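Every read-out reported here was derived from the displayed coordinates using simple, explicitly stated rules and does not represent laboratory data. The structure displayed is predicted, hence computed values, not measured ones. All Cβ positions, glycine included, derive from the backbone under ideal geometry; neighbour counts span all protein chains shown.
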Amino acid sequence: MAWCYRCGTCDTTWGWMTKEDANGVRARHREQRHDGGAPGQEEFTSDAQSATDNPIALLITGALFTFGALAWIWQQITGT
Ligand SMILES: [Zn+2]
């Protein structure tokens, strides 16, 4: 998962990086440009928008759905 830091007050955006690096960039920027304070319009965002970013979660969801569908089909065939 990548993180992005943006300071809206300075209208400056840094690229995607690890959370540790983004934290470092934010701390450094606050120190250099805002005397260590937090700017009012800063954004700290991750690129995790949906489950598709997590293949394992997607796999588990798909497996459960497939199992449910197979169980339903089996019930239709056996008539139970
Ligand atoms: Zn700033």
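Rounded to the nearest 500, what is the chain's calculated 222 nm mean residue ellipticity when only DSSP H runs of at least 4 contribute -39500 (n - 2.57) each, over all residues?
-16500 deg cm²/dmol, from helical runs alone.
Restrict the search to the chain; then list the chymotrypsin sites (Phe, Trp or Tyr not before Pro) that DSSP places in a loop and that have at most 15 other Cβ atoms within 10 Å of their Cβ.
Working: sites: Trp3, Tyr5, Trp14, Trp16, Phe44, Phe65, Phe67, Trp72, Trp74; in loops: Trp14, Trp16.
Passing sites in the chain are Trp14, Trp16.
Considering all alpha-carbon pairs of the chain, what whole percent are spaced by more than 20 angstrom?
Value for the chain: 54 percent of Cα pairs lie more than 20 Å apart.
How large is the charge dipole for the chain, taken about the Cα centre, if only the Cβ atoms of Lys, Arg (+1) and Asp, Glu (-1) carry charge, to the nearest 20 debye?
Its charge dipole is roughly 100 debye.
Just need the relative contact order of segment 1-48 here, percent rounded to a whole number, with Cα pairs under 8 Å and 6+ apart.
53 percent
Can you give me the relative contact order of the chain as a percent, contacts being Cα pairs under 8 Å and 6 or more apart?
31 percent
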